[in-house]
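Computed from the coordinates by the stated procedures, all read-outs in this text should not be read as laboratory data. What you see is a predicted model; the values in this text were computed from it and never measured. Here the Cβ positions follow ideal geometry from the backbone for every residue, glycine too, while neighbour counts run over all protein chains shown.
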Amino acid sequence: MLLPITQYGNPVLRVKCAPVEQVDDSVTTLAQNMLETMYEANGIGLAAPQVGENIRLVVIDIPEDEEEGEEPEMATVNGELRPIRDIMPLIFINPTIEPYGKQYLFKEGCLSVHNIRANVSRPEFVRATLPQLDGSVLELDCSGLLARCLQHECDHLDGFLFVDRVSSASKLTLSKKLKRLAEGY
Ligand code: NI
């Protein structure tokens, strides 16, 4: 089932989300609906507050690079180096992430912040512990788009949006657009 995606200005996006204590049918159904909603919107990640639920649940699906001859994006998954396509889609609750390495700028967007993309500086690598719905735990060490996406989505769980993390110069540039979004949500 497709869910409405909450938009910038909605206070639900600004709450520190509660841990998922128990994975029951409502959580698995919500995760499935979030995936469906994300695919429909052509997104690569979606956090529960983006569909109005203040719980620590995230879905991610990073598509493969379609360019012929490109090396697949790799990550260390439970101690083993694997293409990230093997673990997509990712569905997890109560994540802990530890970003590390050099900061770099990358243009981000968000399904909850319509028509705005902006450079955000974040560390290149992430170590993550991602509890799965079935009770198992995925230990990840990754870089690239997946590391970027994990940081962006985990921010959502604490009520942060990528536009909070842009430089003060771009904040100034974006302020009018954001004000308009907040009024119209
Ligand atoms: Ni987002």
*Burial order of peptide ranges 82-89, 45-52 (average beta-carbon count within 10 Å, highest first)*: 45-52, 82-89
*Would you please name the GluC sites (Glu not before Pro) within region 66-159 that are DSSP coil residues with at most 14 other C-beta atoms within 10 Å of their C-beta?*
GLU66, GLU67, GLU68, GLU70
*Tell me, rounded to the nearest percent, the portion of alpha carbon pairs in the chain spaced more than 21 Å apart.*
50 percent
*Residue-wise, which Karplus ³J(HN,Hα) couplings in Hz belong to region 6-11, taking 6.51 cos²θ - 1.76 cosθ + 1.60, θ = phi - 60°, and x for glycine or proline?*
5, 10, 2, x, 6, x
_I want to verify the translational diffusion coefficient of region 1-103 in µm²/s; compute it with Stokes-Einstein, Rh as the Kirkwood radius over Cα pairs, at 25 °C and 0.890 mPa s._
160 µm²/s
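Give the relative contact order (percent, whole number) for the chain; include only Cα pairs under 8 Å separated by 6+ residues.
Across the chain, relative contact order equals 25 percent.
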*Diagonalise the Cα gyration tensor of region 71-134 and give the resulting equivalent ellipsoid semi-axes, square root of 5 times each eigenvalue, largest first, whole Å.*
23, 16, 13
